[in-house]
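The values are calculated or read from the model by the stated rules, or taken from the named source; none is laboratory data. None of the values given here were measured: they were computed from a predicted structure. Here the Cβ positions follow ideal geometry from the backbone for every residue, glycine too, while neighbour counts run over all protein chains shown. SASA here: full protein model, heavy atoms, side chains in, ligands and nucleic acids out. Shrake-Rupley method; radii C 1.70, N 1.55, O 1.52, S 1.80 Å.
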Amino acid sequence: MQRAMNLFRTSAIIAVSVFIISSTAAVAQSQSKNAKRLAKATKEAQKAAQVLTEIMNVPDQAIPQRLLDKAEAVAIFPGVIKAGFILGGRAGDGVISRRVKGGWSPPAFFNLAGGSFGLQIGASKTDFVLLFMNEDALNGLLKDKFEIGGEGSVAAGPVGRSTSASTDALLKAGIVSYSRTKGAFAGLELKGVVISPDNNDNLAVYGKKGNEILSPTQQLKMTQVPAGVRIVPKTLARYSVRR
């Protein structure tokens, strides 16, 4: 009997030890994944801020100030890859920040994907900047996915300083889109592209999903935002703030 009790105690101790070791390993693995995702998200935020800075630092080729000041949210997707032979596609990661009182929200992390057909050989990298001009367009971002040119009307944006006439016409557009490839920045008719929240990154950085981060009712404080990610709203505020 005593031998059976000792065997039972030994088995129980082993089982508890295995559970503790497994739990500790799982927590460590989860923390490691989150750390990697945070590093990736920080890198994406810094790339996005750099793209916007480079574009806006050339006034004759930049997004018109009046148009930017009217935007309710800005999406920046740096280095989107378009590649393929016969059948091609686009894929990339980026950030979206919405306007809040006195500045811009912490950036939510999103993916961009879409197909295209035609003769395509080789690959190219393109920076995309999208301006969401009204609440309807902004509300599309709160869904699981949002198709540009499908659910959301899109127009190619003007560039430079002397574009007041075309800018006036575009103020009613849902989304105004731009692209930059090999240094050339211009408006783009971007259709058939789907953007969706990258909630693996959003949860790792904020503990919240994309629609929560961009929701007008659940605003995060900047103290809740990792230092490396704050560069996006800070950069946007450098070029456009409503008083």
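Against the definition (modelled with pLDDT of 70 or more and open to solvent by 10 Å² or more (accessible area, probe 1.4 Å)), how does D144 come out, yes or no? Yes, satisfied. Looking at this structure, is I213 assigned to a helix (DSSP H, G or I) and within 29 Å of G157 (Cα to Cα)? The answer is yes for I213.
Report yes if K191 is of a type outside the set (A, V, I, L, M), open to solvent by 60 Å² or more (accessible area, probe 1.4 Å), free of Cβ contacts under 8 Å to residues at least 40 places away in the same chain and part of a loop (DSSP other than H, G, I, E, B), otherwise no.
no
Of all the listed residues (L220, L236), the sole one being open to solvent by less than 20 Å² (accessible area, probe 1.4 Å), among the hydrophobic types (A, V, I, L, M, F, W, C), touching a Ser or Thr at 6+ places or on another chain (Cβ under 8 Å) and not in a strand (DSSP E or B) is L236.
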